[in-house]
Structures are given as C-alpha cells and as structure tokens.
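Structure first, then comments.
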Amino acid sequence: MENYQQSVIDMIRAIAQASNMKVKRGFADFFCDRIIQSCTESNTMSAIERLAQSVNVQISELYKPVVVNFVKDLVHGDTVLNWCREYPTIVAMLVTLKTEEYLEAVKSITIDMESEKSGV
C-alpha cells in the first residue's frame, strides 16, 4: 500500500479507536455499517467527516500526525474511498486489528489506481 493510501486508512483507524460507542453486536460489524453509509459521500473529506460524526468522534481530538498525513495526502484520497466502497468489511476488520497486525496487513494490500479513474 502506498503511503498516501495508508494515510486514509490510518485516519479511518484513528476514528474507530477514538469512538467510545457501546454496541450490542461486534464493533467491526457496527463500524462496517458506518463505513458503508459514509462512503456514499462524493469525496474522501466528506466521507471522513460523516464517519467521524456517525461514531461521535471530533476530528480535532484525533492524533495530530495522523490528521496531518491524511490532509497532506488527500489529493489521492478518492482512490482509497472507492476501495472502501468496494470492501467496507475488509476496512472495518483492518482498523480493528492490533497495531502490529494492522501494519503487517496494510503492507500487503494493493489498491488499484484504475479505480480512481473509473470513478467507482
């Protein structure tokens, strides 16, 4: 996974970790539903804002280096947004992994740049 792609996934992970919502079912399933809803937005920034709001997280309270990397890499963010639309369950599983497992899993993912061109 490219650095700019990982910065978007890192932002989603930071939102998941900052959420203190209590759910009756598994958090990954709950968060997957929120990802699906958020990814209906037209761009990555709007999707991230909607995701944060849907799990009661203030972006201003997130770990600053994650937010800075996300904003810096936002130019390519729609590629990852399209990937999240296609694989919301994978994203939800990824962001709920422990740090070492997360970093290992993220390294193995390749997001096709063609999905950015197709708009889906």
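Taken together, the values in this text are just the output of simple stated rules run on the coordinates, not laboratory data. All values reported here derive from a predicted model rather than from experimental measurement. Heads up, the Cβs are rebuilt from the backbone with ideal geometry, glycines too, and the neighbour counts pull from every protein chain shown.
What the table shows:
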| read-out | value |
| --- | --- |
| Residues (over 23 Å from residue 68 (Cα atoms), of a type outside the set (A, V, I, L, M) and touching a residue at least 12 places away in the same chain (Cβ under 8 Å)) located in the stretch 1-30 | 27, 29 |
| Residue list for the stretch 53-73, restricted to those being more than 14 Å from residue 9 (Cα to Cα), in contact with a helix residue (DSSP H, G or I) (Cβ under 8 Å, 6 or more places away or on another chain) and charged (D, E, K, R) | 61 |
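Residue-by-condition table, conditions (1) over 11 Å from the mean Cα position of the chain (by Cα); (2) not basic (Lys, Arg):
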{"position": "22", "(1), (2)": "yes, no"}
{"position": "28", "(1), (2)": "yes, yes"}
{"position": "33", "(1), (2)": "yes, yes"}
{"position": "38", "(1), (2)": "no, yes"}
{"position": "42", "(1), (2)": "yes, yes"}
{"position": "68", "(1), (2)": "yes, yes"}
{"position": "77", "(1), (2)": "no, yes"}
{"position": "81", "(1), (2)": "no, yes"}
{"position": "86", "(1), (2)": "yes, yes"}
